[in-house]
2 protein chains.
Amino acid sequence: MIERLAIIGVGLLGGSVAKAARATGVAREIVGVGRDLSRLSAALSERVLDRATIDLADGVRGADFVVLGATVFANESLLETLWPVVPRDAVVTDVGSTKAGIVNIARRLAGSRPVGFVGSHPMAGSDRSGYGFARADLFQGATVIVTPTEMTDAGVVKRASSFWETFGAHVSTLDPELHDRVVAAISHLPHLVAYALVEAVERFEPAALAYAARGFKDTTRIAASDQRVWQEIFLANRAALRPSLEVFRAALAALETLVDAGEPGPLEDALAKIRCRREALR
Amino acid sequence: MIERLAIIGVGLLGGSVAKAARATGVAREIVGVGRDLSRLSAALSERVLDRATIDLADGVRGADFVVLGATVFANESLLETLWPVVPRDAVVTDVGSTKAGIVNIARRLAGSRPVGFVGSHPMAGSDRSGYGFARADLFQGATVIVTPTEMTDAGVVKRASSFWETFGAHVSTLDPELHDRVVAAISHLPHLVAYALVEAVERFEPAALAYAARGFKDTTRIAASDQRVWQEIFLANRAALRPSLEVFRAALAALETLVDAGEPGPLEDALAKIRCRREALR
């Protein structure tokens, strides 16, 4: 049971944390922190938040659980700001899509003062953003990756994991660098590729978009994702994104070589192998 | 009203044509032609087909509407075989994903004998294949591109278009070469990219697939498509696929340059423009 849950950034993810906490009763009091009070008014009037503030120090005062729900770089800078003032026994976590950056900041700050930080990545994003799309059941059945390091207190990992599990999520733990490679591969690379696909169609044959059917729409759905969120993710995870792009280019070139060779057999074999891997994900 | 509808290849598309024709009553008699009678038995016992044969000449005898429902290259060779024997007043069309190839064959054959051929491409495919997935409502709301040339009789275009409209499809007409560029852009390129994405993830970080969420699954759903169907499509549409790949590579490289430059503004602007185009497709 959490006495006071502080959520910094009450958008899609932070707002869903607030709604899920309210729905499950896991926190007695829920405080929302934002840059603009008017944006918190819906959550207040729906009684999803008990209190709202634009003052970070005020927001985390007396909190025993803190969730950073802003974008990747904003969370990193918020973590620096709250580190000296957050209660010593609080668990602090975030919801950002990259983890090495914020974990390294926490590692550096740990020299000044011990704070119970562990990174979290709830893989429950959407191409929609903002509190208006927040849902109490957003984490139901989703995977949340928690990224402890050798310095993280086991009790903190346990409390953060239980927090997400209360909302119906499956928790995995991963080393932060491996986490960033994993999400580069299955999320950031596909996002960049989806954006490039839409751009390529427009450049190659603008008439084509009028004929887009389910295949194209599914393949490029994530290219409708919020550009503010995604420029930060791409920049924050450059170190893993770059080599994943290299590998993607090589994989695409290999298929293109098979197409150019014009021999049905080897091309069919290559596609069959890939199909088999993809079908394992159904 | 069609007296005798012959469908050559009774799989996902051909089977759906048969079911839709039966459901709408557009054809008095429906004949299925396949390479293997046992594979037509389900459609016969469901009374979707009135008659089944493995003999193409027998299958098209007395038919006033013929649909080639096999794969791209198979349809091309079937067209050559049926050309001399199909009734003179029949409309012949196909369901293949590329059109310049089969239309050129029809153009060449037209010298020997006039046949009412026009290409069709019902954009209602699926990553599933086979008669087991055929549905009477597959074409409901789908786009069917019909590809007449300067040589095509207007009456044939009209009868083929009405045929698809009976099943609830929206019919567009396009020049076969433009059709092939359009589908290279919104279908064949995305398929090749989706296959390459799955392969890249496996090569770059095999652990990542275990964390695949909705974004990755949607983006790569079409990589579970049938390899026999798709090797033919890629090979058949090489002429348009190759330049579309060039453009895609350039679009991806442009985004990567923005990521590498590390400046949030220009990257965010580029993503915002693409997002806007993608959102227009919702």
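The values are calculated or read from the model by the stated rules, or taken from the named source; none is laboratory data. Small disclaimer: the values here were computed from a predicted structure and weren't measured. Positions of Cβ are generated from backbone atoms using ideal geometry, with glycine treated the same way; all protein chains shown enter the neighbour counts.
General observations
- Yes/no for A:Glu177 being of a type in the set (D, E, K, R), over 30 Å from A:Gly25 (Cβ atoms) and without any contact (Cβ under 8 Å) to a residue 60 or more places away in the chain: no
- Residue that is outside the structural domain of A:Thr149 (by TED's automatic domain parsing), within 30 Å of A:Val26 (Cα to Cα) and at pLDDT 95 or above, where the choices are A:Val198, A:Val183, A:Val193, A:Val259: A:Val183
- Within segment B:1-17, the residues that satisfy the criterion of being under 14 Å from B:Thr93 (Cα atoms) and assigned to a helix (DSSP H, G or I) are B:Leu13, B:Gly14, B:Val17.
- Unique match (being part of a helix (DSSP H, G or I) and among the hydrophobic types (A, V, I, L, M, F, W, C)) among B:Ala124, B:Ala223: B:Ala223
- Of residues in segment B:13-40 being basic (Lys, Arg) and either at pLDDT below 95 or under 24 Å from B:His121 (Cβ atoms) (or both), the one surrounded by the fewest Cβ atoms within 10 Å (Cβ to Cβ): B:Arg35
- Flag for B:Leu44 being outside any strand (DSSP E or B), hydrophobic (A, V, I, L, M, F, W, C), farther than 16 Å from B:Val146 by Cβ and free of Cβ contacts under 8 Å to residues at least 24 places away in the same chain: yes
- Any hit, segment A:53-76, residues being more than 16 Å from A:Glu3 (Cβ to Cβ), without any contact (Cβ under 8 Å) to a residue 40 or more places away in the chain, in a strand (DSSP E or B) and out of contact with any Ser or Thr (no Cβ under 6 Å at 6 or more places or on another chain): yes
- Residues of segment B:135-180 that are of a type in the set (Val, Ile, Thr), outside any loop (DSSP other than H, G, I, E, B) and modelled with pLDDT of 95 or more: B:Val144, B:Ile145, B:Val146, B:Thr147, B:Val156, B:Val157, B:Thr166, B:Val171, B:Thr173.
- Any hit, segment A:169-188, residues being surrounded by fewer than 20 Cβ atoms within 10 Å (Cβ to Cβ) and under 23 Å from A:Glu3 (Cα atoms): yes
- Qualifying positions in segment B:104-130 - in contact (Cβ under 8 Å) with a residue 40 or more places away in the chain, buried (at least 24 other Cβ atoms within 10 Å of the Cβ), away from chain A (no Cβ under 13 Å) and not small (Gly, Ala, Ser): B:Val118
- The set of residues in segment B:136-156 being away from chain A (no Cβ under 14 Å) and either touching a Leu at 6+ places or on another chain (Cβ under 9 Å) or more than 15 Å from B:Thr166 (Cα to Cα) (or both) consists of B:Pro148, B:Thr149, B:Glu150, B:Met151, B:Thr152, B:Asp153, B:Ala154, B:Gly155, B:Val156.
- Lone qualifier among A:Ala43, A:Ala63, A:Ala57 - being surrounded by fewer than 18 Cβ atoms within 10 Å (Cβ to Cβ) and not acidic (Asp, Glu): A:Ala57
- Residues (under 19 Å from B:Glu246 (Cβ atoms) and more than 7 Å from chain B (Cβ to nearest Cβ)) located in segment A:200-223: A:Pro206
- Here A:Ala20 passes the criteria (1) over 30 Å from A:Ala240 (Cα atoms); (2) of a type outside the set (D, E, K, R); (3) without any contact (Cβ under 8 Å) to a residue 40 or more places away in the chain except the one numbered (3).
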